[in-house]
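Every number here is computed from the coordinates shown, using simple stated rules; none is lab data. Every value quoted in this text rests on a predicted model; they were computed, and no experiment measured them. With ideal geometry, Cβ positions are generated from the backbone for all residues, glycine too; neighbour counts draw on all protein chains shown.
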Amino acid sequence: MSAGKNGAGQRAERHSREKEASGSDQVNVSDEARAKAAEGTNDTEKNEEAPDTGELEGKIEELRKQLDEAQAETAIYREEAARAKADFYNFRTRIERDRARDRVLVAEGTVDALIPVIDNLDRTLQAISDTDSPIYKGVSMVQRQFFGVLRGLGLEVIDTNCPFDPSLHEAVMAVEVEDGEDGKILEELSKGYRLGEKVLRAARVKIGKRP
């Protein structure tokens, strides 16, 4: 009986020691795991704190390349914009010049076709001896209004109260005069007209000529 109790006690004591040893082993394993985890965390932190220098330089170089390409592209766009602006300015200038030329051509054709009408009105007035007659006054009023319209288109009468100018005057008669009147316009035979700088018809005149 006593022997059985002793055996049971020994088994219980041995079980207790094994349990304590197992607990101690588990504690040691847990401590080692935590130590390894902490070491791994420290390694990760070190890796994050000290990135690869070569990789950073590569990224910087890539960014510089992208910046250079963007600047070059911007320069191209600016040059194209400047060229387009110049082309538009030239186009607008050409259009305005063409419009001005067309207006002059239209006015020139219209005025040139109506100059004979002015001549006929002038001849009619010269043929009427009574300047106080209603006919003379009526024709004179029409002549003034008609010429006023043409003047609005740029028509001008060429002046003959000046020295003879072959670019403006046509000498159709010449009479002998003294030295002081040589080459002088003595009489206007028919009016001359110009539109701006262009002479539509030279004034026909009589000039003095030294014998």
To the nearest 0.05, the calculated FRET efficiency linking Asp182 and Arg83 through their beta-carbon distance, R0 being 45 Å, is 0.15
Considering only DSSP beta bridges with both partners in the stretch 156-211, what is the antiparallel share in %, to the nearest 5?
55 percent
Once you sort the root eigenvalues of the Cα gyration tensor of the stretch 68-153 as a ≥ b ≥ c, which label holds: rounded (a/c under 1.5), prolate (a/b larger than b/c) or oblate (the other case)?
prolate
Going by a ≥ b ≥ c, the root eigenvalues of the Cα gyration tensor, does the stretch 156-211 fall in the rounded group (a/c under 1.5), the prolate group (a/b larger than b/c) or the oblate group?
prolate
What distance in nm separates the two pseudo spin-label positions at Lys206 and Tyr136, each 7 Å out from Cα along the beta-carbon direction?
2.2 nm
Lysine pairs in the stretch 83-211 with Cα atoms under 24 Å, if 8 or more residues apart or on separate chains:
7
